[in-house]
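Written out below as structure tokens is the structure these notes cover.
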Amino acid sequence: MHPSLLIAEDDGSLRDVLTRSLRAEGFTATAVATGGELLEHALTDAPDALVIDIGLPDADGRDLCQALRAQGMHAPVLF
């Protein structure tokens with residue numbers, strides 16, 4: 001089973017490049033564009049690690065990380 005990553009990036013081009021590149025390296029990568037989508041996906045299908053943009057249109061990535069930690073998620077996060 002491949003490690004799963006959840007990517008939150010609002011720039012569509014960058015999101016696509018990250019997703020394709022990580023999949024090419026053997027990761028299972030899922031990408032979303034908003035903080036709301038990140039929380040929804042992270043809490044229903046916990047990833048092994050997250051890549052979070054700090055400046056999402058609806059939330060600050062650091063606040064999202066804090067919210068995930070408060071829900072008991074301890075997966076590594078890369079900003």
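The values are calculated or read from the model by the stated rules, or taken from the named source; none is laboratory data. Because the structure is predicted, anything quoted here is derived from the model rather than measured. No Cβ is skipped: glycine too gets one built from the backbone with ideal geometry, and neighbour counts run over all protein chains shown. Keep in mind that these areas ignore ligands, DNA and RNA; they rest on the heavy atoms of the full protein, side chains included. Shrake-Rupley method; radii C 1.70, N 1.55, O 1.52, S 1.80 Å.
Out of the residues in segment 11-34 that are part of a loop (DSSP other than H, G, I, E, B) and within 11 Å of the chain's Cα centre (by Cα), state the one that is nearest to Gly61 (Cα to Cα).
If we filter segment 11-34 for residues that are part of a loop (DSSP other than H, G, I, E, B), which is where we start, we get 11, 25-27, 33-34.
Adding the requirement that they be within 11 Å of the chain's Cα centre (by Cα) leaves 33-34.
Details: Ala33: 12, Thr34: 10 Å.
Looking at the filtered set, the residue picked out is Thr34.
Out of the residues in segment 49-79 that are over 10 Å from the mean Cα position of the chain (by Cα) and acidic (Asp, Glu), state the one that is nearest to Asp10 (Cα to Cα).
Asp58
When Thr19 is evaluated against the numbered criteria (1) open to solvent by less than 40 Å² (accessible area, probe 1.4 Å); (2) touching a helix residue (DSSP H, G or I) at 6+ places or on another chain (Cβ under 7 Å), which criterion, by number, is the only one it fails?
Of (1) open to solvent by less than 40 Å² (accessible area, probe 1.4 Å); (2) touching a helix residue (DSSP H, G or I) at 6+ places or on another chain (Cβ under 7 Å), only one is false for Thr19: (2).
Any residue in segment 1-24 that is in contact with a Lys or Arg (Cβ under 9 Å, 6 or more places away or on another chain) and among the acidic types (Asp, Glu)?
yes
Starting from residues that are in a helix (DSSP H, G or I), touching a Gly at 6+ places or on another chain (Cβ under 9 Å) and aliphatic (A, V, I, L, M), keep the ones in segment 35-79 and report whichever is most open to solvent (accessible area, probe 1.4 Å).
Step by step, filter segment 35-79, then rank; the result is Ala67.
Quick one: what pairs do we get from segment 1-27, first residue in contact (Cβ under 8 Å) with a residue 40 or more places away in the chain, second among the aromatic types (Phe, Trp, Tyr), C-beta under 8 Å, 6+ apart or different chains?
Final answer for the pair search is Pro3/Phe27; Ser4/Phe27; Leu5/Phe27.
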